[in-house]
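This report refers to the structure that appears directly beneath it.
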Amino acid sequence: MSSTTMPSTAPATDISAAILNLLLPHHRTTDRAPASAEAFPHQMRRITDFVREGNPIVFTLPGFPCKSPNPAKVLGHLPDQGERLSLTFLNTLCTEVERIYPPGARLIICSDGHVFGDLIHVPDDHIDAYADELRIVMDQCGLSRLSVFDLRHVLGDLPHDTKRARVHERHAPTLEALRAEVRTDDHALALYRGITRFLFDDTADHAGTRSALQRACRDRAYGVIQRSRAWGDLIAQHHPRAVRLSIHPQPIGAPKFGIRLLDAPDVWTTPWHSAALHRTDGTWTLMPRHQAARLGRLVQQGGRPSHFTQS
């Protein structure tokens with residue numbers, strides 16, 4: 001990334017377009033054609049509001065929930081090199097904004113593991129440990145433009161099941177409405193299928209039939225989407241003016257801007273569903289642990305498995 005500071009007299013919309021152009025090379029989408037900043041009116045409007053006021057731009061990104069429970073996909077239940085690289089990338093993106101627009105930007109990681117931990121079969125103590133480690137990584141790596149927001153900020157120290165029930169009751173769409181949307185909206189259908197696939201792939205210890213597991217994952221996928229929508233509603237209440245990013249692919253012009261964190265062969269791949277592989281050409285990619293292990297050797301960092309590297 002490279003950029004220069006724009007003149008202080010530049011129109012706010014020009015500065016906003018320049019900022020959005022920093023994000024466009026990393027747009028996570030299934031659309032084929034490239035798009036200009038003007039094709040994203042929601043993001044342009046919100047960024048321009050911050051610029052006109054001279055305030056730092058605030059981005060929110062739901063994600064970084066916890067590691068997949070499937071040991072064939074990940075190295076453990078704590079953040080590793082995949083998260084470190086992704087968080088560093090996001091912090092660098094904020095730094096690049098500062099070169100164009102001196103007030104800069106900050107990004108709030110809205111860690112959503114507790115919102116649907118029961119549905120993805122990850123223990124709550126693993127989710128807490130993951131979020132706490134994210135904060136440690138940010139501190140150790142000097143990622144000062146990032147912060148973590150989770151259910152503890154919303155509902156304090158209530159039992160996790162109570163928090164989930166409250167969030168669901170107050171903010172989740174009905175199952176009937178969600179089913180109707182999946183039937184009629186291609187993007188909703190793609191999200192439903194993507195989450196169903198993740199739930200299926202994340203199951204490492206199912207004792208029943210494959211068809212029974214598929215049915216259960218389809219049902220749980222609706223629950224995950226309901227809770228994700230509820231979490232999005234809560235984020236909007238707590239950060240009403242923020243520019244909303246997403247780790248899921250988003251169509252051009254959607255209210256959420258999908259952002260790719262690291263190179264991966266699949267637009268759905270995230271650091272918490274995979275392991276990082278350092279390739280011989282110096283680049284990084286994400287893939288399931290069992291695949292990375294065939295291509296490289298395991299590297300430890302801080303006494304824990306970190307990533308794989310090709311020799």
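Summary of values
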{"item": "Shape category assigned to segment 76-121 from the gyration tensor of Cα positions, a/c cut at 1.5", "result": "oblate"}
{"item": "Matching label, P(r) over Cα pairs in 10 Å bins from 0, in percent computed from the structure shown, candidates (1) 6, 26, 35, 25, 8, 1, 0; (2) 6, 21, 19, 13, 11, 9, 7, 7, 5, 1, 0; (3) 6, 20, 19, 13, 11, 12, 11, 6, 1, 0", "result": "(1)"}
{"item": "Simple Cβ-charge dipole of the chain, Lys/Arg +1 and Asp/Glu -1, about Cα centre, in debye nearest 20", "result": "440 debye"}
{"item": "Within segment 115-175: Cβ-based charge dipole about Cα centre, in debye rounded to nearest 20 (Lys, Arg +1; Asp, Glu -1)", "result": "340 debye"}
{"item": "For the chain: relative contact order, % (alpha-carbon pairs under 8 angstrom, 6 or more apart)", "result": "26 percent"}
{"item": "Förster radius 45 Å - calculated FRET efficiency between ARG210 and ALA35 (Cβ-Cβ, nearest 0.05)", "result": "0.70"}
{"item": "Label-to-label distance, nm, for residues given as ASP132 and ARG193 (7 Å Cα→Cβ offset)", "result": "4.1 nm"}
{"item": "Shape category assigned to segment 167-234 from the gyration tensor of Cα positions, a/c cut at 1.5", "result": "prolate"}
{"item": "Additional length obtainable on full extension of the chain from ARG166 to ARG99, 0.36 nm per residue less Cα span", "result": "19.9 nm"}
{"item": "Residues whose placed amide H lies under 5 Å from that of CYS110, excluding near-sequence neighbours", "result": "LEU61, GLY63, PHE149"}
{"item": "Vicinal HN-Hα couplings computed from phi for segment 116-122 (Karplus, 6.51 cos²θ - 1.76 cosθ + 1.60; Hz; Gly/Pro x)", "result": "9, x, 5, 7, 9, 6, 10"}
{"item": "Charge dipole of the chain about the Cα centre (unit charges at C-beta), most positive-ward option of ALA10, ALA129, TRP272", "result": "TRP272"}
{"item": "Antiparallel bridges, percent of DSSP beta bridges restricted to the chain (to nearest 5)", "result": "35 percent"}
{"item": "Reachable aspartates and glutamates from LYS163, criterion Cα separation under 18 angstrom, eight or more residues apart if same chain", "result": "ASP112, ASP118, ASP124, ASP125, ASP128, ASP150, ASP233"}
{"item": "Unit charges on C-beta of K, R, D, E only; dipole of segment 1-129, Debye", "result": "360 debye"}
{"item": "Residues ARG45 and ALA10, FRET efficiency given R0 of 30 Å [Cβ-Cβ distance, rounded to 0.05]", "result": "0.95"}
{"item": "Shape category assigned to segment 202-311 from the gyration tensor of Cα positions, a/c cut at 1.5", "result": "oblate"}
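Coordinate-derived values only; no laboratory data. Small disclaimer: the values here were computed from a predicted structure and weren't measured. Virtual Cβ from ideal backbone geometry, glycine too; neighbours counted across all protein chains shown.
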